[in-house]
Amino acid sequence: MRYLQILVNGLVTGSIYGLAALGFNLIYGTTKIFHVAYGSVIMIALYFVTSISLSGTSVYWAVLVGLAIAFALGGLVYTVLYSPLERLGRNRTTIFIAALGLATLIEAVIPWVYGPQPLTFNLPSLNTVVFIGKIAISPLDIAAIVAALVLSLTLWAVIKWSVVGRQLRAITSNVELGSVMGIRRGVIIGSVFAVGTAIGFIGLTMQSMSSSVTPVVDVTYTLIAAMIVLGGGAGSLVGSYMIALAWGILQNGITLWVSADWATVIVYLAFLTLILVRPLGLMTSTSRRML
Amino acid sequence: MTYIIQTIVIYSLTYSIAVLGLSFVVGYAQIFVLSQAAIFGVGSFTYAVLAGRNITTDLLLVIPIAMVIGGAMSLVTGLPLLRLGGDYYIVASLAFQYVIVQGLVNWTSLSGGPPGLFAFPSPTILGWSISSNMDFIYVLVPILILALGSLLWVRRMPYGRALVAMADDEVALAAGGVKADALRVSVFVLAGILAAVAGVLFTSFLDVASPGDYGITESILMITMVLVGGARSLIGPFIGAVILASLPYWLNLVHWSVYMTGVITGVLLLLVAFFLPDGVAGIANSSIRRLARSRSKVRLISAEQSAGDT
């Protein structure tokens, strides 16, 4: 029974990481921009949500507003930051430097405005543990598992079957030809950033609701998302989802059997080993790619 | 006032040593390393442990030991990881950075846990106790000159020329029979060794070694020093270190928020990306080049005129 509980806890953690990776993968897989400010931009929306929910607004409304903010900020970052740099003809390293600058800036401004202390959502009903058989699980945990599964499947279907998805795949494989066909790259990539950031926001909000919000939460969030995406094979939604779940289960297992302090260290070492063995990630064959 | 200036000078010199090698890695080997602060921290803790346990405080002993440890750690991680290209290496170096610092935090018996170690006997060189600020400057200046000199020498050797060539055209270099991978690893190890030396000096001066001071933020600060100064010049990282190393110190003096460091670092990185891809040293270089070009144009015109006269 203990093993089953670890498995379930791992699935919950893994689902949240899966959401983190899903948003990052959408952006990285289509644009190849290493959006290292991913978590930081999401954190702006998260802090807004936390502060208005602590001042008495219903948490559901707050999250909806936050989702809209994340969506808007995602699009804004592309329009104001990455798109001008691309037009200036800057290389990928320089674009990464800009992203790093944005992340550093946000990480300094957020604790300046909201203070460095952790903030906690007050959500007794969502965090109340219920028992299914002998497995302890909270409504928030179930929501995380469902959200990761539903959003992954939806995104996969949209990319595979919709017109927008087809245009997205077109400009990913050949920018010039795509623009000849009349696909407006700016609009599509802008929406990719918006949707990716919104998906990431859902993951980070769920993670913060069951623990707390601190101004450094973005660093690990981005890093884990990037590790999962690269470990799973950039652009492969299945690969990163599998890695995310394995990641969550491994981390919960080590936390129980070794210690929470060493759990992250061991999982990070496991990632380093994985990319040494499979430098292009778990799923690399193009036929399995979805983007 | 003199004390403040001395402290700022010490910070600038220490960080110059820490990022000098990094400029080779970023500028020539074209690898974006975000784990420099971890190796700097390893150097720091080398002094903290050796001096704190009364093993030795002699810098002539501690520095070589730190060089070996820092170099070995860079070698062990660089050898497998540097094969990975671009983004993969960036993520790997962030993961590595995290593993080192978290490992230090967890290894409480060695590092003293999150608060770290502090209050060591002051460093010595062959019995001479380095205690005042001026003493530290006397120690730092020759070390910086030594480091700068050896890097200049390296750049003029065949090895260094290969390095410069690698930045321009790796394929041509491979055709010439030079192994770019080996070059890349050796530059990376060199940067690690210098960071470890700087770490020893940093802790022997500040009298504290705390794992939290060597995190990702610090690594970003170090890479910013290189980028702001200009990655492909040796004077560049020095300029960057002078601008950025003492920033937290003087912000504290004027009672500005500690978060200003992050704001300034972030804005500088954005400015570099938009306006100064070659850093501050790049402006100087291009203006010299422009000057040279205009002079040669003058010479060309006068040559044409004299040709027309005859």
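Read-outs throughout are calculated quantities, based only on the coordinates presented, and are distinct from any laboratory measurement. Here the structure is a predicted model, which means the values were calculated and not measured. In this analysis, Cβ positions are derived from the backbone assuming ideal geometry, glycine residues included, and neighbour counts consider all displayed protein chains.
Rg/Rh for the range B:2-277 stands at 0.96; both radii use Cα atoms, and Rh follows the Kirkwood definition.
Of interest is the spacing of the C-alpha centroids, which for the range A:217-269 and the range B:1-37 amounts to 32 Å. Considering only alpha-carbon pairs that sit under 8 angstrom and 6 or more positions apart, the relative contact order computed for chain B is 33 percent. Considering only B:Ala175, B:Ala72, B:Ala167, the mean-square fluctuation computed in a Gaussian network model of chain B, springs between alpha carbons under 10 angstrom, is largest for B:Ala175.
Ellipticity at 222 nm from helices only: DSSP H runs of n ≥ 4 in chain B, each -39500 (n - 2.57), divided by the residue count, give -25500 deg cm²/dmol.
From largest to smallest, the equivalent ellipsoid semi-axes obtained for the range B:4-77 from the alpha-carbon gyration tensor read 23, 19, 9 Å. Each of the peptides B:9-18, A:120-129 was scored by the mean count of other Cβ atoms within 10 Å over its residues; in descending order, highest first, they stand as B:9-18, A:120-129.
Relative to the dominant Cα principal axis of chain A, helix A:217-232 is inclined by about 70°.
Sorting B:Glu170, B:Glu218 by the number of Cβ atoms found within 10 Å of their own Cβ, with the fewest placed first, yields B:Glu170, B:Glu218. In peptide B:29-40, how many Cβ atoms from other protein chains are near each Cβ within 10 Å, on average? So the per-residue partner count for this stretch is 1. Whole-Hz Karplus values for the range A:26-33 come out as 4, 6, 5, x, 8, 9, 6, 7 Hz, taken residue by residue from phi with 6.51 cos²θ - 1.76 cosθ + 1.60 and θ = phi - 60°; glycine and proline positions read x. With a Cα-only, solvent-free Debye model of the range B:137-289, what are the log10 I(q)/I(0) values at q = 0.10, 0.16, 0.18, 0.21 Å⁻¹? With no solvent term, the Cα-only Debye profile gives -0.45, -1.10, -1.31, -1.52. When a/c reaches 1.5 or more, the comparison of a/b and b/c decides; with that in mind, is the protein assembly as shown rounded, prolate or oblate per its Cα gyration tensor? Oblate, because a/c is 1.5 or more while a/b does not exceed b/c. From its DSSP helices (H runs of at least four residues, each -39,500 (n - 2.57)), chain A gives a residue-normalised ellipticity at 222 nm of -25000 deg cm²/dmol.
Counted by neighbouring Cβ atoms within 10 Å, the residues B:His255, A:His35 run from fewest to most as B:His255, A:His35.
For the range A:31-52 versus the range A:154-193, the inter-centroid distance based on Cα atoms is 23 Å. Here the convex hull built on the C-alpha positions of chain A has a volume of 138 cubic angstrom per residue.
Ellipsoid semi-axes for the range B:128-179, based on the Cα gyration tensor and the rule √(5λ), read 39, 8, 7 Å when sorted largest first. Counts of other chain beta carbons within 10 angstrom of each beta carbon in peptide B:82-91 average 6. Counting only alpha carbon atoms, the long axis of helix B:59-81 and the longest principal axis of chain B meet at about 70°. The order of A:Trp247, B:Trp153, going from fewest to most other C-beta atoms within 10 Å of their C-beta, is B:Trp153, A:Trp247. Neighbouring Cβ atoms from other chains, within 10 Å of the Cβ of residues in A:254-262, number 1 on average. Taking Cα atoms only, the orientation of helix B:260-275 departs from the longest principal axis of chain B by about 20 degrees. For chain A, averaging the sequence separation of C-alpha pairs within contact (under 8 Å, six or more residues apart) and dividing by the residue count gives a relative contact order of 38 percent. Cα-based radius of gyration for the range A:21-140, normalised by 2.2 N^0.38 Å, reads 1.31.
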